[in-house]
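For reference, the structure is listed below as structure tokens.
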Amino acid sequence: MKDYINLIPAELEKRGRLSKEIIIAIGIAGVFVIFGVLYGTLFFKVRTLKAEKDQLTIKRDNINKELSVMLSEINSLTAKAGAVKDKGSAPLNLKETLKGKIIWSPVLREVSFLVSADIWLTTIESRKKKDTEMKEIRFMGNASSHADLTNFIAALERSDSFANVSLSYAQQGESSGRTVINFEIISDLKKAS
């Protein structure tokens, strides 16, 4: 005895089912699709990595060129240093080397204390005085007023580093719409070492 009633005719029931061959064909096609997607993804990644490798190779070549230039410079400097060492094995005496030369850091430090906010120095030069071993310093710049310039000259005269301070010229002019005094001061440097 049957517990159910089949209302679908047998021919239609056979058509609705998928045969084993179709299922296998769909499975094989699915495997090929998955393989194709994976292959495409990996192909894209490999292509990207090759492009990065090419860029890195170019960078490496550029760095190698720069490095070879630097190494040749280092070798030439090393050769020059070796030649300097060969000239004398006596230790380098800094005081002897700097004898007669101006050590600018204390001079500029003192000038920075002597100059007021209303004085603008544009040039500080040194040169050897004619027929002597003394050094001469020339200050050029602008002052807001004659009083500011006078105060600066007085500060230079009181300083332990400068002697024979003299004003070469002072001329009134215009700068950025303001009246200024252009000046040049020449002084002997007491401490040349």
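The values are calculated or read from the model by the stated rules, or taken from the named source; none is laboratory data. Owing to the predicted nature of the structure, the values given are computational and were not obtained by experimental measurement. In case anyone asks, the SASA skips ligands and DNA or RNA and just uses the protein heavy atoms, side chains included. Shrake-Rupley method; radii C 1.70, N 1.55, O 1.52, S 1.80 Å.
Below is a table of values for the structure above.
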item	result
Percent breakdown of C-alpha pair distances by 5 Å bin, ordered from the shortest bin, for segment 101-176	3, 12, 26, 27, 16, 9, 4, 1, 0
Carbon + sulfur, % of accessible area of segment 143-193 - ligands and nucleic acids excluded, 1.4 Å	43 percent
